[in-house]
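Engineer: First the structure, which I've put down as structure tokens, then a few questions once you've had a look.
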Amino acid sequence: MEKQVIEYAGIPVGITIPDGDRLKFIAVKYPVIELDGGTYRSVGELQRAIHQHLQNSEDDQGMFRVAANGAGGAAARRVFNAA
């Protein structure tokens, strides 16, 4: 496992670092700060957690919500990127 930058809706929101056989998430954007320090089995599991967190949030995370749920179907948009 390697360090990875995690983007949501084209915006870098954190990084992952290896933590044993899991990935530890280090948040770099306030909208996902509640997930900081969490460990996940895979990038996919982390991505689902971020998406669910942002969809359920009542805070000022509109830019993420619009980018993730904007016009077009799911196949037409790419919400996540891990580099």
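Engineer: Would you mind ranking S57, S42 by Cβ crowding within 10 Å, fewest neighbours first?
Structural biologist: The order, fewest Cβ neighbours first, is S42, S57.
Engineer: Using Cβ contacts closer than 10 Å as the measure, can you line up T16, T39 from fewest to most?
Structural biologist: Arranged by neighbour count, lowest to highest, T16, T39 become T39, T16.
Engineer: Can you put Y30, Y8, Y40 in order of Cβ neighbours within 10 angstrom, beginning with the fewest?
Structural biologist: In increasing order of surrounding Cβ atoms, one gets Y30, Y40, Y8.
Engineer: Which far-off residues, 5 or more places away or on another chain, put their amide H under 5 Å from the one on V28, with H placed in the peptide plane?
Structural biologist: G14, I15
We did not get these values from a lab; they are worked out from the coordinates using the rules stated. Bear in mind that the values here come from a model prediction, so they are computed numbers and not experimental data. For neighbour counting, all protein chains shown are included, and Cβ atoms are generated from backbone atoms with ideal geometry for every residue, glycine included.
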